[in-house]
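Here's the structure, in structure tokens; my notes come after.
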């Protein structure tokens, strides 16, 4: 079982930071941070999110074992397997690898037939999307849309916010989305303990 306090402490030490530095930068007290790292006090989702943003990791990082392999490889059949998890959900998301000091985050996204991301999502950094299977529309909150087919790639900066729409009413779409580590909603976080989660119509970023 993952030790939350230990994971937070590892992050701080890997960045050569003192408790005082983290406290000054996040607004959390030194005593509170010390107790969190020693698992002597619980931490709220808001404060955990604050630390995730500060350390630039996905909140999933705190609940899954890190991947220390120098090279991560996912075979095509593995990537396609997640489509079966969709059910009635608009999309299923998997964090492909959880590297301790990663500066980018590869997310595998499956979107159901005729489905779309429920909300426009704002990432904290540049975003690259590669369509592995299917056809999608990349829609922005300003009304602009771009069509993408399997093999197509899109790159954009975080604003305006965008969401992905499956252009097919009969086939799921699979995409690789690479960005800097964002955070997630509480609902998604609870599912994300296994490194993957399902989007719901209530998920908001």
May I ask you to list the residues in segment 79-103 that are outside any strand (DSSP E or B) and modelled with pLDDT of 80 or more? 79, 80, 90, 96
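To keep it simple, each residue is scored yes or no on (1) closer than 24 Å to residue 55 by Cα; (2) modelled with pLDDT under 60; (3) part of a strand (DSSP E or B); (4) under 12 Å from the mean Cα position of the chain (by Cα).
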site: 132; (1), (2), (3), (4): no, no, yes, no
site: 136; (1), (2), (3), (4): no, no, yes, no
site: 154; (1), (2), (3), (4): no, no, yes, no
site: 169; (1), (2), (3), (4): no, no, no, no
site: 177; (1), (2), (3), (4): yes, no, yes, yes
site: 183; (1), (2), (3), (4): yes, yes, no, yes
site: 192; (1), (2), (3), (4): yes, yes, no, yes
site: 200; (1), (2), (3), (4): no, yes, no, no
Selection within segment 42-58 - surrounded by 17 or more Cβ atoms within 10 Å (Cβ to Cβ) and under 11 Å from residue 4 (Cβ atoms): 43, 48, 51
Name every residue in segment 11-22 that is under 21 Å from the mean Cα position of the chain (by Cα) and either within 13 Å of residue 38 (Cβ to Cβ) or at pLDDT 95 or above (or both), in order of residue number. 12
Select, from 105, 116, 77, the only residue that is exposed (fewer than 15 other Cβ atoms within 10 Å of the Cβ) and either out of contact with any helix residue (DSSP H, G or I) (no Cβ under 7 Å at 6 or more places or on another chain) or under 30 Å from residue 30 (Cα atoms) (or both). 77
So which helices (runs of 4 or more DSSP H) are wholly in segment 1-72 and hold at least 3 residues that are farther than 23 Å from residue 180 by Cα? 19-26, 30-37
Pairs needed: first member in segment 27-53, in contact (Cβ under 8 Å) with a residue 60 or more places away in the chain; second member anywhere, in a loop (DSSP other than H, G, I, E, B) and surrounded by 13 or more Cβ atoms within 10 Å (Cβ to Cβ); C-beta distance under 6 Å; at least 6 residues apart or different chains. 49/183; 52/183
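The values are calculated or read from the model by the stated rules, or taken from the named source; none is laboratory data. All figures in this text were calculated on a predicted structure; none of them were measured in a lab. As a convention, Cβ positions derive from the backbone with ideal geometry for all residues, glycine included, and neighbour counts pool all protein chains shown.
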